[in-house]
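Contents: one structure, followed by commentary.
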Amino acid sequence: MSELSNKPTIRLLLVEDDQIDRMACKRALAQHDDYEFMVFEAETGNQGLKLAREERIDCVLLDFHLPDLTGVEFLSELAEASGELPMPVVMLTGSDNAMVAVDAMKLGARDYVVKGSDASGDAMQWLPAVVMRALREQQAILDKTEALAQLREAEAKYRSLVEQMPAITYIASLDTPGQLLYVSPQIRQLGFAPEAWLEGTEGFLKQIHAEDRETAIEAYAATYEHHTPLRCEYRLIAHSGQARWFLDEANVVRDENRGALCLQGILVDITQDKENARELYYYRRRLEELVAQRTEQLEKQSGILESANARMDHELCERKRAEAALRASEARFRMLLESAGEGIIGVDGKGLCTFVNPAALAMLGYEQAEMQGREVCATIHPGAAGNDEQCCTYHAFHNGIARRGSDTFHRRDGGVFSAEYSAHPMQVDGKVVGAVLIIRASG
């Protein structure tokens with residue numbers, strides 16, 4: 001639709017061989033207060049088809065009986081390859097053949113108007129209202145089609161991003177506790193195909209280590225009963241028999257109308273974190289033992305007055321060194337734990353940032369809004385300008401080749417830091433559409 005003068009204009013094609021009926025239609029349309037109708041007239045079906053294809057027509061008024069075509073034949077010719085009409089069609093029919101118009105509506109016509117008079121007077125008075133209703137229905141269909149297309153595009157984008165991340169994502173049923181509805185391909189790191197986890201109703205529970213099963217079942221039971229967030233740690237037994245530690249975090253997905261729908265969660269492999277924690281615990285205990293031994297020696301020698309001061313000084317120095325070693329060890333392990341989070345950056349086919357997690361923001365010193373849509377290579381590798389192959393993500397989103405290594409990354413404040421990285425191509429339907437960059441700071 002366009003605007004002429006003060007009223008919006010509707011471009012209407014009137015296909016009718018009877019001049020009197022055409023005049024009646026135009027007279028009825030002229031009575032509408034809010035819209036102006038620009039009417040294109042055709043006396044035959046073929047003339048109407050030509051105008052429908054050449055002009056920007058908003059709606060068609062079609063007589064069923066034409067000199068060269070029937071209304072059904074006109075609709076078949078007008079329909080696109082998909083079988084859908086490119087614009088709404090309203091049938092014009094006599095009072096004695098309304099069923100003919102109903103049959104035409106089954107082929108795609110949106111509505112019909114009876115020519116002549118009915119019990120309430122001139123039936124043509126309803127023509128503008130019928131046309132407006134047909135246009136509203138057409139716009140609703142177009143809006144729905146566009147919304148579905150956007151939904152499919154968003155689903156493909158986020159599914160691709162989720163399935164490229166190292167963590168395992170899943171969706172579980174709320175009707176059958178433990179039953180999985182979806183699990184991402186990353187579950188293959190345990191040696192099982194995703195389909196194997198969707199069989200049966202136990203889900204992850206069937207592979208949980210026997211020592212952790214009771215705790216995990218209690219955590220799941222509380223979530224299913226009260227719909228509270230789930231957070232628990234347990235070991236899963238891989239196909240090889242190896243046990244690996246995972247952090248399981250999930251939330252209940254709700255809908256305003258239907259209430260709770262499903263449980264959506266993520267499994268993060270924390271095996272390395274557990275090993276680091278055990279090693280840290282060992283060193284702490286060892287240092288405590290050393291301190292205890294030195295203290296015991298001091299107490300035993302405190303009775304000897306002549307050597308007490310010298311011995312005490314010696315033991316105090318040893319104790320200070322042990323405490324310094326303890327603090328240094330604690331600082332090293334605290335740094336290790338605090339840097340265990342990996343930075344994740346999603347890159348599109350143009351090298352622009354489409355996703356960045358809080359760990360990456362903290363590493364690079366940027367806010368979320370600053371990184372979104374920013375060229376990743378130019379941001380973290382300013383020196384790669386003119387030589388993109390030096391950029392860690394270049395081979396992933398240009399050539400579809402995964403790359404691992406270490407590099408120096410630039411922060412927002414001008415500083416740099418060294419980190420290990422891995423860049424993986426992100427694919428949709430076999431086509432590389434971007435990359436996922438995972439950064440693990442090395443210093």
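Computed from the coordinates by the stated procedures, all read-outs in this text should not be read as laboratory data. These numbers were taken from a predicted model, which means no experiment stands behind them. Positions of Cβ are backbone-derived with ideal geometry, glycine not excepted, and every protein chain shown enters the neighbour counts.
Check the straight Cα-Cα distances from Lys115 and name the lysines below 26 Å, setting aside those fewer than 8 residues away within the same chain.
Cα-Cα hits under 26 Å: Lys26, Lys50, Lys106.
Considering amide H positions built from the backbone, and no H for Pro or chain starts, which residues 5 or more places from Phe355, or on another chain, come under 5 Å of its amide H?
Excluding prolines and chain starts, which carry no amide H, the hits are Gly346.
Sorted by packing (mean other beta-carbon atoms within 10 Å per residue), highest first, where do 87-94, 345-352, 396-403 land?
With the highest mean Cβ count within 10 Å placed first, the list reads 87-94, 345-352, 396-403.
Sequence gap at least 6, Cα distance under 8 Å: using those rules, report the relative contact order of the stretch 18-76 to the nearest whole percent.
Normalised by residue count, the contact order of the stretch 18-76 is 27 percent.
Kindly state, to the nearest 0.05, the FRET efficiency for Ser76 paired with Glu137, given R0 = 25 Å and r defined as their beta-carbon distance.
Details: r = 21 Å, r/R0 = 0.84.
Rounded to the nearest 0.05, the efficiency is 0.75.
Set the Förster distance to 45 Å, then compute FRET efficiency between Ala210 and Arg412 from the Cβ-Cβ distance, nearest 0.05.
Numbers: r = 49 Å, r/R0 = 1.08.
The calculated FRET efficiency here is 0.40.
Given labels modelled 7 Å from the Cα in the Cβ direction, how far is it in nm from Lys106 to Gln264?
My value for the distance between the label points is 4.3 nm.
What is the spin-label model distance, in nm, from Lys300 to Glu420 if the labels are put 7 Å beyond Cα along the C-beta direction?
The two pseudo-label positions are separated by 4.4 nm.
Could you please rank Tyr224, Tyr283, Tyr170, placing first whichever residue has the fewest other Cβ atoms within 10 Å of its Cβ?
Details: Tyr224 20, Tyr283 15, Tyr170 24.
Going from least to most buried by this count: Tyr283, Tyr224, Tyr170.
Between Arg254 and Cys317, 0.36 nm times their residue separation minus their Cα-Cα distance comes to what? Could the numbers behind the result be given before it?
Numbers: separation 63, 0.36 × 63 = 22.68 nm, distance 6.18 nm.
Taking 0.36 nm per residue and subtracting the Cα distance, the gain is 16.5 nm.
Points 7 angstrom from Cα along the Cβ direction at Trp126 and Arg27: gap in nanometres?
1.9
Return the FRET efficiency for the residue pair Glu288, Arg404: r is the Cβ-Cβ distance, R0 is 30 Å, and the value is rounded to the nearest 0.05.
On the way: r = 39 Å, r/R0 = 1.31.
The calculated FRET efficiency here is 0.15.
What lysines does Lys206 reach when the alpha-carbon gap must be under 26 Å and sequence neighbours fewer than 8 apart in one chain are set aside?
Filter leaves Lys274.
If we sort 59-70, 194-205, 270-281 on the protection proxy, mean other Cβ atoms within 10 Å, highest first, what's the order? Mind showing how you got there, number by number?
Numbers: 59-70: 20.2, 194-205: 15.7, 270-281: 13.7.
Per-residue mean Cβ counts within 10 Å order the peptides as 59-70, 194-205, 270-281.
Identify all lysines with a Cα-Cα distance to Lys431 below 24 Å; exclude those on the same chain that are fewer than 8 residues away in sequence.
Lys157, Lys350
Taking other Cβ within 10 Å of each residue's Cβ, how do Met363, Met99, Met165 sort, fewest first? List each step's numbers first, then the result.
Details: Met363 23, Met99 9, Met165 20.
The fewest-first ordering by Cβ neighbours comes to Met99, Met165, Met363.
Sort 240-246, 16-22, 180-186 by packing, meaning the average of other beta carbons within 10 Å per residue, with the highest value first.
Highest-to-lowest ranking by the protection proxy: 180-186, 16-22, 240-246.
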